[in-house]
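See structure below.
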Amino acid sequence: MNERPDENFRQRVTDSFARQNAMRTIGAALTSVEYGVVEIEMPFRDDLTQQHGFLHAGILSAALDSACGYAALSVMPEEAAVLTIEFKINLMSPGRGERFLFRGEVTKPGSTIIVSDGRAYAIGDGPAKLIASMTGTMMVVRGREGIAG
C-alpha cells in the first residue's frame, strides 16, 4: 500500500458510500473505515432473501463487492477512483443471522490494479459465522468524466 495514506481517505470513502443507492436500498451501513480495510453491516431483512429464507447470494455479493471496493478506494490518492472488473465469491454457509458483517481488505495494492479480499459473517446467537469469501479485482480510474472517488 502507499507509504503515506491520503489524510482524507476516511471522508472520501464515507462520502462515496453515501452516494451508493444500492447499499441504501438494502439497508447497509458503513461501520468502519481504516486504511486498506472497510466494514459494512446490515440487518437481516425478509425481503432480501431467496426462496429458502436465506440472504440472497446477489445481495451478499453486492455488499462484499462494496466492502472490497471501498477498501481499495481507501488506499488511492485523492484524484483516483476504483471500479470492480472481476470478482469470485465462495458461498460457504447459508446466509442466516440477525445481521451481517462484510469486511473488505486490500491484499495487493497497485497503481492500475488492486486486489481485495472480502469476508461475510452472519451474526446472531453465538459467535459470528463465516458465510462467504470474495476476491475482487479493481481498476484504478483517473481523469474519466463522471467517475470520482
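Per-residue answers, yes or no, for (1) without any contact (Cβ under 8 Å) to a residue 40 or more places away in the chain; (2) closer than 22 Å to residue 18 by Cα:
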| position | (1), (2) |
| --- | --- |
| 42 | no, yes |
| 48 | yes, yes |
| 51 | yes, no |
| 58 | yes, yes |
| 72 | no, yes |
| 79 | no, yes |
| 94 | no, no |
| 98 | no, no |
| 104 | no, yes |
#### Entry: Failed condition for residue 89, given (1) hydrophobic (A, V, I, L, M, F, W, C); (2) touching a residue at least 40 places away in the same chain (Cβ under 8 Å); (3) crowded, with 19+ Cβ neighbours inside 10 Å
(3)
### Query
So which residues in the range 37-55 are within 16 Å of the chain's Cα centre (by Cα) and surrounded by fewer than 22 Cβ atoms within 10 Å (Cβ to Cβ), if there are any at all?
37, 39, 41, 42, 43
#### Entry: Filter result (part of a strand (DSSP E or B) and basic (Lys, Arg)) within the range 89-133
99, 103, 108, 119, 129
### Task
Identify the residue in the range 92-123 that is of a type in the set (A, V, I, L, M, F, W, C) and buried (at least 22 other Cβ atoms within 10 Å of the Cβ) and, among all such residues, is nearest to residue 67 (Cα to Cα).
102
### Query
Which of the following residues is of a type in the set (Gly, Ala, Ser) and more than 13 Å from the chain's Cα centre (by Cα): 104, 143, 136, 118?
143
#### Entry: Checklist (1) crowded, with 20+ Cβ neighbours inside 10 Å; (2) touching a residue at least 40 places away in the same chain (Cβ under 8 Å) applied to residue 16, failing item
(1)
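Every number here is computed from the coordinates shown, using simple stated rules; none is lab data. Everything numeric in this text was worked out from a predicted model, so none of it was measured. Note that each Cβ is placed from the backbone with ideal geometry, even for glycine, and that neighbours are counted across all protein chains shown.
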